[in-house]
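The values are calculated or read from the model by the stated rules, or taken from the named source; none is laboratory data. From a predicted model like this one, the values you see are computed outputs, not experimental measurements. Here the Cβ positions follow ideal geometry from the backbone for every residue, glycine too, while neighbour counts run over all protein chains shown. Heavy atoms of the whole protein, side chains included, go into the accessibility calculation; ligands, DNA and RNA do not. Shrake-Rupley method; radii C 1.70, N 1.55, O 1.52, S 1.80 Å.
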Amino acid sequence: MTARNDTIGTIRAVRLAGPGREFLIDDEPVDLHLDGGLIADIAPTGALPARGQILEAEGAWAVPGLWDNHVHTVQWALAAERVPLHDIESAAAAARRMSDAPTLPDGRRVGTGFRDALWPDRPSLALLDAATGSTPTYLINADVHSVWLNSAALTREGFRADDGVLREEDAFEISRRLNAVDPAHSDQAVIRAGEAAAARGVTGLVDFDMAWNAEAWPRRVRAGFASHRVEFAFYPADLDRAVREGLRSGETHEEPDAPADARGLIRVGSLKVISDGSLGTRTAACSHAYPDDPGNYGMLTVPGAELVALLTAATGAGITAAVHAIGDRAVTSALDAFTVSGASGSLEHAQLVRHADLLRFARLGVIASVQPQHALDDRDFVEHHWAGQTSIGYPLSSLVAAGAELRFGSDAPVAPLDPWQALSAAVWRTDDDRASWHPEESLTVDQALSASVRTAIRPGAPADIVLTAADPRTADATTLRRMPVVATVLAGRVTHIDGAD
């Protein structure tokens, strides 16, 4: 009986459904022979003697291990302890929910996930004070670019805001403080969240937590983390420290005594720069003004010259860049900075892209790191707030046609950390009973899978493999979104098996 943490020698009778399938002449089941964390051989079922522990696939489908390329790890892990606000439809209702919310051990009440862009009323300090009194209360926007606090919370944190709402860098600072819980507590939350991610087929993620992650991840490995691979980022405030400590993108980052099952899992990622705001907070830097605020074109939070300087410094130190750019002005500015600096890396989000900028992604080798679920979560916002924009909203097919490399993520906790949701959103462009939203930007299943993985199932590749109970190539929207994961294998080791967790 195969169990979690077993090291597998053979996966027997599996059908390939993702990258690697093109090397086979038919769809008959095959055996995957693993050795040393790699795929050693692929052969028709029974053609070669099984080796080591056997994982019986019984005709299940296999795809390479899935990645989430944009996660705020601690905030995602701690979201389970916070009051959910994603279903709230007004400021008054949000204040009422927080009025009797449980108080955390640190004395705060924290809610998360509200989307106020289409609320009929606006957040106000008086409204939240009347509902929550003297208990410090914090409501985090789903996009994390704004936080609504009552007077007690503002006083505790040393901030002022006439309407109680802090935006952009002030909001990020509040999130950093809320996430700065006891490391033993947050590490256990991350370990639990990692196991949940493995249950959805995740074998790797990119961590954009707003902290010094170079210390946090080795500590989590010592505490027992071994669920998936991690590439951790850092922010401009820590760039000099990263350079001093010799961090280089892509290099393994672990201690010599790391547990055997976690060796090689943690790698240095990119410098993360947030160059504009967000759609939900109406701060994404756009060519045309927001319709209810004629003077508001959003904001470039990092001017072009400063962005060039940051990317140049990172590139000279062997560090790639990941630039947050949502509005079309920000996308152009980021691509300009990649051009001038010669940096490599990714442009995160790319939710509004000028037609003239599409081809620049491929020409510059800049990865478009996108979150397909955001298109569905934001479709009503877009119809209102970006109705006058002339650039392309939430492009996928247009980027692929232009030759850009896509990588999918969730931006968790903004959207659930579930690659199958991203896959379904990219292919079907709907997650309810409404028609597909801008179906001209939908992808094929094969294109979506390619944006969700880093490897292929072929000899010599890492043995990061996901077994599913349905064929992703023929699944409908609901089945693809809820894809039943039979097992997840990371470097030949089982991190999830159905019925064993």
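Identify, please: which residue in segment 399-411 is open to solvent by less than 20 Å² (accessible area, probe 1.4 Å) and not aliphatic (A, V, I, L, M) and is, among those, nearest to ASP292 (Cα to Cα)?
Across segment 399-411, the extreme among qualifying residues is ASP411.
Going through LEU443, LEU417, LEU423 one at a time, which residue ends up being over 22 Å from ILE274 (Cα atoms), in a loop (DSSP other than H, G, I, E, B) and within 20 Å of the chain's Cα centre (by Cα)?
Sole residue among the options that is over 22 Å from ILE274 (Cα atoms), in a loop (DSSP other than H, G, I, E, B) and within 20 Å of the chain's Cα centre (by Cα): LEU443.
Show me the helices (runs of 4 or more DSSP H) entirely contained within segment 322-402 in which 2 or more residues are among the basic types (Lys, Arg).
358-364
For segment 318-367, enumerate the residues that are among the polar types (S, T, N, Q), touching a helix residue (DSSP H, G or I) at 6+ places or on another chain (Cβ under 6 Å) and buried (at least 21 other Cβ atoms within 10 Å of the Cβ).
Across segment 318-367, the qualifying residue is only SER333.
For segment 218-228, state whether one or more residues are in a helix (DSSP H, G or I), open to solvent by 60 Å² or more (accessible area, probe 1.4 Å), under 26 Å from VAL110 (Cβ atoms) and in contact (Cβ under 8 Å) with a residue 12 or more places away in the chain.
Checked against the condition, which is being in a helix (DSSP H, G or I), open to solvent by 60 Å² or more (accessible area, probe 1.4 Å), under 26 Å from VAL110 (Cβ atoms) and in contact (Cβ under 8 Å) with a residue 12 or more places away in the chain, segment 218-228 yields at least one hit.
Can you tell me which of VAL486, VAL466 is open to solvent by 10 Å² or more (accessible area, probe 1.4 Å) and assigned to a strand (DSSP E or B)?
The conditions single out VAL486.
Within segment 280-294, can you find the residues that are modelled with pLDDT under 95 and part of a loop (DSSP other than H, G, I, E, B)?
Result: GLY280, THR281, ARG282, PRO291, ASP292, PRO294.
Working only within segment 188-235, note down all residues that are over 20 Å from GLY409 (Cβ atoms) and touching a strand residue (DSSP E or B) at 6+ places or on another chain (Cβ under 6 Å).
Within segment 188-235, no residue meets the criteria.
Between SER270, SER275, which is touching a residue at least 40 places away in the same chain (Cβ under 8 Å), under 22 Å from SER146 (Cα atoms) and in contact with a Ser or Thr (Cβ under 7 Å, 6 or more places away or on another chain)?
Result: SER275 is the single residue among SER270, SER275 that is touching a residue at least 40 places away in the same chain (Cβ under 8 Å), under 22 Å from SER146 (Cα atoms) and in contact with a Ser or Thr (Cβ under 7 Å, 6 or more places away or on another chain).
Conditions first: (1) outside any loop (DSSP other than H, G, I, E, B); (2) more than 20 Å from GLY269 (Cα to Cα); (3) within 18 Å of the chain's Cα centre (by Cα). ARG200 passes all but one, so which condition is the exception?
(1)
Please give the number of the condition ARG51 fails out of (1) within 30 Å of ILE274 (Cβ to Cβ); (2) of a type in the set (D, E, K, R); (3) at pLDDT below 95.
For ARG51, the exception is condition (1).
Only residues that are of a type outside the set (A, V, I, L, M, F, W, C) and without any contact (Cβ under 8 Å) to a residue 12 or more places away in the chain: list them for segment 304-337, please.
Those that are of a type outside the set (A, V, I, L, M, F, W, C) and without any contact (Cβ under 8 Å) to a residue 12 or more places away in the chain: GLU306, GLY316.
Out of segment 275-299, which residues are within 22 Å of the chain's Cα centre (by Cα) and open to solvent by 30 Å² or more (accessible area, probe 1.4 Å)?
ARG282
Condition (residue is hydrophobic (A, V, I, L, M, F, W, C), buried (at least 24 other Cβ atoms within 10 Å of the Cβ) and closer than 20 Å to ALA477 by Cβ) applied to segment 390-398: is it met by at least one residue?
From segment 390-398, those hydrophobic (A, V, I, L, M, F, W, C) are 392, 396; that's our starting set.
Restricting the remaining residues to those that are buried (at least 24 other Cβ atoms within 10 Å of the Cβ) gives 396.
Next, from what is left, pick out any that are closer than 20 Å to ALA477 by Cβ: 396.
Within segment 390-398, one or more residues are hydrophobic (A, V, I, L, M, F, W, C), buried (at least 24 other Cβ atoms within 10 Å of the Cβ) and closer than 20 Å to ALA477 by Cβ.
Give segment 236-274 a look and list any residue that's on the phi > 0 side of the Ramachandran plot and either of a type in the set (Ser, Thr, Tyr) or within 20 Å of the chain's Cα centre (by Cα) (or both), or say none.
Hit for segment 236-274 is GLY250, nothing else.
Every residue in segment 303-321 that is assigned to a helix (DSSP H, G or I) and either of a type in the set (A, V, I, L, M) or out of contact with any strand residue (DSSP E or B) (no Cβ under 8 Å at 6 or more places or on another chain) (or both), please.
GLY304, ALA305, GLU306, LEU307, VAL308, ALA309, LEU310, LEU311, THR312, ALA313, ALA314, GLY316
Given the options ARG192, ARG200, ARG177, name the one that is under 28 Å from ASN69 (Cβ atoms), modelled with pLDDT of 95 or more and surrounded by 17 or more Cβ atoms within 10 Å (Cβ to Cβ). Quick ask: steps written out before the conclusion?
Working: ARG192 fails: surrounded by 17 or more Cβ atoms within 10 Å (Cβ to Cβ); ARG177 fails: surrounded by 17 or more Cβ atoms within 10 Å (Cβ to Cβ).
Only one candidate qualifies: ARG200.
Answer yes if at least one residue in segment 460-468 is of a type in the set (Asp, Glu) and within 28 Å of GLY365 (Cβ to Cβ), and no otherwise. Steps first, please.
Going residue by residue through segment 460-468, those that are of a type in the set (Asp, Glu) are 464.
Subsequent filtering for residues that are within 28 Å of GLY365 (Cβ to Cβ) retains 464.
Yes: segment 460-468 contains one or more residues that are of a type in the set (Asp, Glu) and within 28 Å of GLY365 (Cβ to Cβ).
Return the total of residues in segment 77-120 being surrounded by 15 or more Cβ atoms within 10 Å (Cβ to Cβ), under 14 Å from ALA415 (Cα atoms) and of a type in the set (Gly, Ala, Ser).
Of the residues in segment 77-120, 3 are surrounded by 15 or more Cβ atoms within 10 Å (Cβ to Cβ), under 14 Å from ALA415 (Cα atoms) and of a type in the set (Gly, Ala, Ser).
Every residue, every condition in (1) of a type in the set (Ser, Thr, Tyr); (2) farther than 25 Å from ASP418 by Cα, yes or no:
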| site | (1), (2) |
| --- | --- |
| GLY318 | no, yes |
| ALA337 | no, yes |
| SER341 | yes, yes |
| ASP378 | no, no |
| TRP386 | no, yes |
| TYR394 | yes, no |
| SER397 | yes, no |
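Under the condition of being surrounded by 16 or more Cβ atoms within 10 Å (Cβ to Cβ) and not basic (Lys, Arg), which residue from segment 20-36 is farthest from ALA491 (Cα to Cα)? Even if it seems obvious, please write down each step before you answer.
Step one: list which residues in segment 20-36 are surrounded by 16 or more Cβ atoms within 10 Å (Cβ to Cβ), which gives 20-21, 29-34.
Imposing the further condition that a residue be not basic (Lys, Arg) reduces the set to 20, 29-34.
Working: GLY20: 17, PRO29: 21, VAL30: 19, ASP31: 16, LEU32: 13, HIS33: 12, LEU34: 9 Å.
Taking the candidates together, the pick is PRO29.
Open to solvent by less than 60 Å² (accessible area, probe 1.4 Å), without any contact (Cβ under 8 Å) to a residue 12 or more places away in the chain and of a type in the set (Ser, Thr, Tyr), is that true of SER452?
Considered against the rule, which asks whether it is open to solvent by less than 60 Å² (accessible area, probe 1.4 Å), without any contact (Cβ under 8 Å) to a residue 12 or more places away in the chain and of a type in the set (Ser, Thr, Tyr), SER452 comes out as no.
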